[in-house]
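Peer 1: Let me give you the structure first, and then I'll get to my questions.
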Amino acid sequence: LLSIVSTHTDAAVILTSAPSIDDVPEAYLEGLAALAPKARLVALVAPGTSGTPAPGVLGVDTDAELGLGTPWSIVVVAPTMAAAILSQPFAGDATGPVEFKIVHHRPTVAHAARVLLSHIPTTETQATTPDAVSR
């Protein structure tokens, strides 16, 4: 999805979640950082994340109990496209296989974006990373 998004990044909001910052590969962070200069917002929501995990990427620490990144999600909303890859444990087993859903239905993608955005504390975001929100 990130490679597809690279052609639609102008004014995009790119939100992603993970089970923990420790689970996020460096290459994934580099991919997010590459999209950040043209996007309105790029954020990673995961337990243990704070500050800027990669250049231009807002890190949002969240409670592991919320299960936002169980195990992964990426949501992209842009003027010309909306897409998400949402995942959930297969058969409810959090330690087993994962099933993914690719979603292009804009209202569903917007709902997923609202869920992730609700975990970004506005005043803290502006205080710690003004460049991330001023674009």
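The values are calculated or read from the model by the stated rules, or taken from the named source; none is laboratory data. None of the values given here were measured: they were computed from a predicted structure. Reconstructed Cβ throughout: ideal geometry from the backbone, glycine too, with neighbour counts over all protein chains shown. Side chains included, ligands, DNA and RNA excluded: accessible areas come from the protein's heavy atoms. Shrake-Rupley method; radii C 1.70, N 1.55, O 1.52, S 1.80 Å.
Peer 1: Can you list residue pairs whose Cβ atoms sit under 7 Å apart, with the first residue in region 26-43 being open to solvent by 80 Å² or more (accessible area, probe 1.4 Å) and the second being modelled with pLDDT under 90 and not small (Gly, Ala, Ser)? Count only pairs 6 or more apart in sequence or on different chains.
Peer 2: Pairs that qualify, where the first residue is open to solvent by 80 Å² or more (accessible area, probe 1.4 Å) and the partner is modelled with pLDDT under 90 and not small (Gly, Ala, Ser), are Lys38/Thr9; Lys38/Asp10; Arg40/Arg135.
Peer 1: Pull out all pairs, ordered by first then second residue, where Cβ-Cβ is under 8 Å, the residues are six or more apart or on different chains, the first lies in region 83-98 and is over 12 Å from Ala112 (Cβ atoms), and the second is at pLDDT 75 or above and surrounded by 16 or more Cβ atoms within 10 Å (Cβ to Cβ).
Peer 2: Val98/Trp72; Val98/Ser87; Val98/Gln88
Peer 1: Taking region 10-68 only, how many residues are touching a helix residue (DSSP H, G or I) at 6+ places or on another chain (Cβ under 9 Å), more than 21 Å from Thr80 (Cα to Cα) and among the small types (Gly, Ala, Ser)?
Peer 2: The total comes to 10.
Peer 1: Now for a different question. Return the residue satisfying two criteria in turn: it lies in region 69-91 and is closer than 17 Å to Thr108 by Cα and among the hydroxyl-bearing types (Ser, Thr, Tyr), and of such residues it is modelled with the lowest pLDDT.
Peer 2: Here the answer is Ser87.
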